[in-house]
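Please read the structure below before turning to the comments.
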Number of protein chains: 2
Amino acid sequence: MTMLERAREMDAADPLAKYRDRFDLPDGVIYLDGNSLGALPKTTPERLAQVMHDEWGRDLIKSWNTADWISLPQRVGGKIAPLIGAEPHEVIVADSVSVNLFKLMSAALAMQKGRKVILSEPGNFPTDLYMIQGLEKQGLATQRLADRDAIIEALDEDVALLLLTHVHYKTGQKYDMAALTKAAHEAGALVLWDLSHTGGAMPVELNESGADFAVGCGYKYLNGGPGAPAYAFVAERHQDALEQPLSGWMGHAQPFAFDDDYQPAPGVDRLLCGTAPILSVAALEEGVDLVAEIGVDRLWEKSQALSGFLLVCLEDAGVTTRAVRGEPVELRTSRQPSSFGRLRTNGVLELVSPGDADQRGSQLSFRHEDAYALCQALIARGVIGDFRAPDVLRLGFAPAYLRFEDMAETARHLAEVLESGEWRQAEFSERAAVT
Amino acid sequence: MTMLERAREMDAADPLAKYRDRFDLPDGVIYLDGNSLGALPKTTPERLAQVMHDEWGRDLIKSWNTADWISLPQRVGGKIAPLIGAEPHEVIVADSVSVNLFKLMSAALAMQKGRKVILSEPGNFPTDLYMIQGLEKQGLATQRLADRDAIIEALDEDVALLLLTHVHYKTGQKYDMAALTKAAHEAGALVLWDLSHTGGAMPVELNESGADFAVGCGYKYLNGGPGAPAYAFVAERHQDALEQPLSGWMGHAQPFAFDDDYQPAPGVDRLLCGTAPILSVAALEEGVDLVAEIGVDRLWEKSQALSGFLLVCLEDAGVTTRAVRGEPVELRTSRQPSSFGRLRTNGVLELVSPGDADQRGSQLSFRHEDAYALCQALIARGVIGDFRAPDVLRLGFAPAYLRFEDMAETARHLAEVLESGEWRQAEFSERAAVT
């Protein structure tokens, strides 16, 4: 039996196979970039047409009440909560991941008098570090970066907050949330988890892990649309004392009293700042509803099966995927091509992600000297992954709409591209604005 | 000739009358709340359907390049620029008014070493004050409030920034932008103008006035939809030195280099923080295009004609509109009913807005003890204005879709409501979540 035949048998037996039809997907495309932009749920255009025509168009300003726009950030947040192991009143949709990071880092610093250090890792998703640096410019925080295996020892009495991304955007490495949270608390630090590559992809246990704060992305595994608003989590025990400087009117206890003095709204509502972009939040709700219906446990199980099967198919297709073992994974981005890539033959991809599916997120990342061109050559064949500078080809698995057949075909295309050397064509190395 | 007949003649002669058909408006409604939520342009649902189906659905992640999503904030900002007297490279769409206030106030403080005071007026739109208070909590700013006629004398050597709303949300009073900017500069202060009730309603001359910074709202006169993203202006001369703490990855010089260290993008791009909510920004573009097509000069001319005609119609209908003259207008919100309202008979509305159309924005605000119930009674008749606590009935004029006939009818309804006392019905005083 060929791998493709085997894949089709697996698809036929897949209880999640039916959900593919709930997305509006282009023909002839294998979409392995749902971890960058999730696909379009079929209900979303309908929902937005309804919001535009019936709510905005017909009822105009009254829709803040009649369509309950005013509670949309809480309602959608409440639906995200069970996906990440939180209570509905602990999660709210607001702004972007970046802006929410600023709010929650500021809140943590305010709670941690005498401690100014925010600890993270080099190579964390840039915006996480940049937002620390923003607070640093304000004179309110000090950034400290420690490599993944040195984080626990870097937790000293100066650390106010540990900020980590649960699943690394580039490598797919996953932190042990409970262990790191415990270590941070033992050192007197609070923890803020960035769930951008986690929420909607796998079960997360924020409360069971004792997490203090979290943020996450609406446009990846939650399928909320390009630039969908983000969400933020504050553990109930911190809510009453929470102070954050982006104290806009929508986070006021009584926005429509139009008082001159800010009084924070109860609970997580005080994370609201300006008026929520209703069209975008409504689109997010459709994506969240669909993920919730399928269930993150089932999605995660299938994700692991998909990525495991892709590795098998790659091996079968003659692509050597060599795991990076024993060597430190260089997460810092540099403009110079990686030294790893240079040493490899064309047929070898360096597996940057952990080989053990339990240790990684819903992605497989491979290092190759010409990862950018390789990625473009795959895209030309309809296999859409992405490139992460300087040398990583990243394949993400959104199991709600991916088939095992797609894995077999991806392996075939990747083998053909590597063997033919077609990725060396000049057109594939022309960099686009967004890579 | 009745006022209604006169109105219809004016409509017949109105060069802007044809634009009403470019909006999707409900039947039987006179919408005087475009200064809170602008109406739905007919092209917007079509545009969003295209963004969803063709861009998100078909091209998925590639649309960041192929549909140029990545430049959407700059493109729409560039289209807003001529409406507010700025150059295209000085304006960008990002986040909310509140978040942009925080960025620009922070930037101003960073430029003004040794000065910490942000000067504003009591009763300014709450979020403007709340964001100052956020910076105050951070220990970076000191809020100082001075009444409208005492602002110039409050400009001393401690003032880093003067933050004013060009047209007051509640009263419609308009500041002399050039004069206040000049006074601030003479005192060594920078100026940040909140154009929320100005942009798209009337010509604004930011550069001619020498303004330093501005923010404005997308969901009022720009018809961008509920919670539409906001815009921000930075005068070219300040762009190179601008530092703002919400230094997210989209404001980085090379977001897709994924560097660990923040380097601000050139110019106004550094005001970007997270990923823009593309659906909402695309909707905003439709609204902006329509306003730009009609032209702010023509809109402003018609707005003044509409509000002037409404005052004539009210007088004709027997509603006394007494201007507040000589008495200080109490802008601070208090839970107690206004002392003015108590003294008036039912048939008298206190005109809070300046009687001279040149001195006000695109609105007329009336004080009445039971303004809330009055507003609800009008809404029950299909005349949609809004209430601003504690005692203001606010009627806004979005001349792109309002007719002179609507003014005559509004006056008739208002006179009937006041005369009949129907606003005293219990149902009209039940407060909704959003007022």
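Tabulated results
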| quantity | calculated |
| --- | --- |
| Those residues of region A:3-29 which are more than 21 Å from residue A:381 (Cα to Cα) and part of a loop (DSSP other than H, G, I, E, B), in sequence order | A:13, A:14, A:15, A:16 |
| Flag for residue A:211 being out of contact with any Ser or Thr (no Cβ under 9 Å at 6 or more places or on another chain) and crowded, with 24+ Cβ neighbours inside 10 Å | no |
| Positions within region B:385-435 being aliphatic (A, V, I, L, M), at pLDDT 90 or above and in a helix (DSSP H, G or I), in sequence order | B:407, B:408, B:411, B:414, B:415, B:417, B:418 |
| Residue list for region B:25-46, filter: under 29 Å from residue A:223 (Cβ atoms), surrounded by fewer than 24 Cβ atoms within 10 Å (Cβ to Cβ) and either touching a strand residue (DSSP E or B) at 6+ places or on another chain (Cβ under 9 Å) or of a type in the set (Val, Ile, Thr) (or both) | B:42, B:43, B:45 |
| Residue A:204 farther than 29 Å from residue B:52 by Cα and in contact with a His (Cβ under 9 Å, 6 or more places away or on another chain) | yes |
| Matching residues in region A:67-93 - criterion: being buried (at least 20 other Cβ atoms within 10 Å of the Cβ) and among the acidic types (Asp, Glu) | A:90 |
| Residues being within 7 Å of chain A (Cβ to nearest Cβ) and touching a residue at least 60 places away in the same chain (Cβ under 8 Å) - total across region B:127-145 | 0 |
| Breaking point among (1) of a type in the set (Asp, Glu); (2) within 14 Å of chain A (Cβ to nearest Cβ); (3) not in a loop (DSSP other than H, G, I, E, B), for residue B:301 | (2) |
| All positions within region A:32-69 that are outside any helix (DSSP H, G or I), touching a residue at least 40 places away in the same chain (Cβ under 8 Å), more than 8 Å from chain B (Cβ to nearest Cβ) and within 14 Å of residue B:56 (Cβ to Cβ) | A:34, A:38, A:41 |
| Search result, residues across region B:255-298 that are more than 20 Å from the chain's Cα centre (by Cα), free of Cβ contacts under 8 Å to residues at least 40 places away in the same chain and either more than 9 Å from chain A (Cβ to nearest Cβ) or assigned to a helix (DSSP H, G or I) (or both) | B:255, B:256, B:257, B:263, B:264, B:265, B:266, B:270 |
| Check on residue B:243, among the charged types (D, E, K, R) and either facing another protein chain (nearest Cβ under 7 Å) or in contact with a Cys (Cβ under 9 Å, 6 or more places away or on another chain) (or both) | yes |
| So residue A:389, is it crowded, with 24+ Cβ neighbours inside 10 Å and of a type outside the set (Asp, Glu) | no |
| The listed residue being at pLDDT 95 or above, farther than 29 Å from residue A:46 by Cα and of a type in the set (Val, Ile, Thr), out of A:288, A:281, A:268 | A:268 |
| Residue check, residue B:220 over 30 Å from residue A:133 (Cα atoms), touching a residue at least 40 places away in the same chain (Cβ under 8 Å) and basic (Lys, Arg) | yes |
| Residue A:29 vs. criteria under 30 Å from residue B:62 (Cβ atoms), β-branched (Val, Ile, Thr) and touching a Cys at 6+ places or on another chain (Cβ under 8 Å) | no |
| Conditions (1) away from chain B (no Cβ under 14 Å); (2) out of contact with any His (no Cβ under 7 Å at 6 or more places or on another chain): number failed by residue A:225 | (1) |
| Residue count for region B:350-379, restricted to those that are of a type in the set (Val, Ile, Thr) and in contact with a Lys or Arg (Cβ under 6 Å, 6 or more places away or on another chain) | 1 |
| Answer from B:186, B:136, B:157 - the residue that is touching a Gly at 6+ places or on another chain (Cβ under 7 Å), farther than 30 Å from residue B:397 by Cβ, among the charged types (D, E, K, R) and surrounded by fewer than 23 Cβ atoms within 10 Å (Cβ to Cβ) | B:157 |
| Residue within region B:7-23 that is facing chain A (nearest Cβ under 8 Å) and either among the basic types (Lys, Arg) or in contact with a His (Cβ under 7 Å, 6 or more places away or on another chain) (or both) present | no |
| Residue count, region B:100-121 (criterion: within 11 Å of chain A (Cβ to nearest Cβ) and over 14 Å from residue B:157 (Cα atoms)) | 10 |
| All positions within region B:89-99 that are more than 8 Å from every other protein chain (Cβ to nearest Cβ) and acidic (Asp, Glu) | B:90 |
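The values are calculated or read from the model by the stated rules, or taken from the named source; none is laboratory data. Every value quoted in this text rests on a predicted model; they were computed, and no experiment measured them. When we count neighbours, we look across all protein chains shown, and the Cβ atoms used for this are built from the backbone with ideal geometry, even at glycine.
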